[in-house]
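See structure below.
Computed from the coordinates by the stated procedures, all read-outs in this text should not be read as laboratory data. Since the model is a prediction, treat every value here as computed from it, not as a measurement. Positions of Cβ are generated from backbone atoms using ideal geometry, with glycine treated the same way; all protein chains shown enter the neighbour counts.
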Amino acid sequence: MDPLEPVVTPSQTPAEPLRVAAESSSALEELATLDREPDVEAWRVRWLGRRSQLALALRGLGRLPASERAAAGRALNQAKKELTEGCRNRLAELREQATRRLGALDVSLPGRPLPRGGLHPITLTERAVVAAFAAMGFHVIEGPEVELDYYNFEALRIPADHPARDAMDTFWLAPPEGADARRSRPLLLRTHTSPNQIRFMEANDPPIRLIAPGRTYRNEATDATHEWMITQTEVLAVDRGLTLAHLKGTLYEFARRLFGEDREIRFRCDYFPFVEPGVEVSVSSPGGWIEILGAGMVHPEILARMGYDPEAYTGFAAGLGVERIAMLRHGIRDIRRFYENDLRFLRQF
Ligand code: PHE
């Protein structure tokens, strides 16, 4: 009978310990082919664990005839020692290989490039606008996008029946849940950043030099130069002795910083109820003049209502259209590109 053939008897026969010991050499061959630590661990459980053939044979030694016990014991213990050492050595080898591989790993080698996010072109332009005014001593404030009729219109001299409201088609909001509709004050999405002028003047005294960037909303049809949501930046300065010359100087300096020395800019008269006089500023482009902002001297009636002495203080204000400015800087022809979320467009900035 082949000594390696399993012996199928309920109790151990004298031949079995020797067969088990003999099998250890094939176990060692198998061990040499394993190159993952978990596989080595599985191997250890199978060959050296409490339920392994070897453990069973060792436990059965006492049942062997005394004459065979010593030889069988020696063979089994020898096998156990070889397997245990083999296992320890293999693990050490694998760990050393892993360390060597790490040492040879060049983390600077170019792999597949990771997709990288970037700032939106409007964010970039808004930051450039803010930086230009910050360099001239203006500080940044922010106000709510959901605004009261009072700040967006009334306090800016645009009463309910004023035609200027027609130019700013408004997204009106339902009164908050549970509010008494007749007594709650009308809410809207701000149509411009000018409400920030009122909010700040109500709570502060001159001198004032602020800018207020943010989103504004108008319920109007979109086309290549109109969006229903645009980003504006409000500018407000109030102090003794400010004149239209200060406004022009400030806006020229702003344009020089954003568009360089060579771009032409144009001032023309315009009308806004909250300034007197009012102007609009356009910048030259290959396709003609593009209006980028409205501005003017703060209406004395507003200064007086804010508790400032309009004989002593004057102010200038401007509202810049950030999308239009970004279009001019990058030669973009259609304002709608900014909010289509087309990565082929956005990746260019
Ligand atoms: N708020 C005006 C608009 O959005 C622009 C503006 C701001 C005009 C400040 C004058 C002064 O059209």
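Scalar couplings 3J(HN,Hα) for the range 143-154, obtained by applying the Karplus form with A = 6.51, B = -1.76, C = 1.60 to θ = phi - 60°, are x, x, 7, 8, 10, 7, 3, 3, 6, 6, 10, 3 Hz; x denotes Gly and Pro. Think of the chain as a dipole: +1 on every Lys or Arg Cβ, -1 on every Asp or Glu Cβ, centred on the Cα centre; then among PRO195, ALA70, GLY241, ALA70 lies furthest on the positive end. Restricting the range 280-349 to GluC sites (Glu not before Pro) that sit in a DSSP loop and have at most 14 other Cβ atoms within 10 Å of their own Cβ leaves GLU311, GLU340. Taking 0.36 nm per residue of separation and subtracting the current Cα-Cα distance, fully stretching the chain between ALA22 and HIS226 would add 64.7 nm.
Loop-located trypsin sites (Lys or Arg not before Pro) across the range 158-202 with a Cβ neighbour count of 11 or fewer within 10 Å are ARG182, ARG183, with loop assigned by DSSP. Restricting the range 10-114 to trypsin sites (Lys or Arg not before Pro) that sit in a DSSP loop and have at most 14 other Cβ atoms within 10 Å of their own Cβ leaves ARG36, ARG50, ARG51. Principal-axis analysis of the Cα atoms of the chain puts helix 244-259 at an angle of about 30° to the longest axis. Highest mobility in the GNM of the chain, judged by mean-square fluctuation with C-alpha springs under 10 Å and restricted to ASP39, ASP205, ASP169, is found for ASP39. For the range 121-346, the gyration tensor built on C-alpha atoms gives an oblate shape. Its axis ratio a/c (a ≥ b ≥ c) is at least 1.5, and a/b is not larger than b/c. When the Cα positions of PHE138, ALA255, GLY178 are compared along the charge dipole of the range 121-346, ALA255 comes out farthest toward the positive end, with charges on each C-beta of Lys, Arg, Asp and Glu. Between the listed residues TYR313, GLY214, ALA22, the Cα displaced farthest toward the positive end of the dipole of the chain, a dipole computed from Cβ unit charges relative to the Cα centre, is found at ALA22. Normalising the average separation of contacting C-alpha pairs (under 8 angstrom, six or more residues apart) by the number of residues puts the relative contact order of the range 121-346 at 21 percent. Put a plus charge on the Cβ of each Lys and Arg, a minus charge on the Cβ of each Asp and Glu, and nothing anywhere else: the dipole of the chain about its Cα centre is then about 1760 debye.
Taken as Cα centroids, the range 34-106 and the range 290-326 sit 86 Å apart, rounded to the nearest whole angstrom. Dividing the Cα radius of gyration of the range 17-103 by 2.2 N^0.38 Å, with N the residue count, gives 1.27. For the chain, the longest principal axis of the C-alpha atoms and the axis of helix 16-33 are separated by about 30°.
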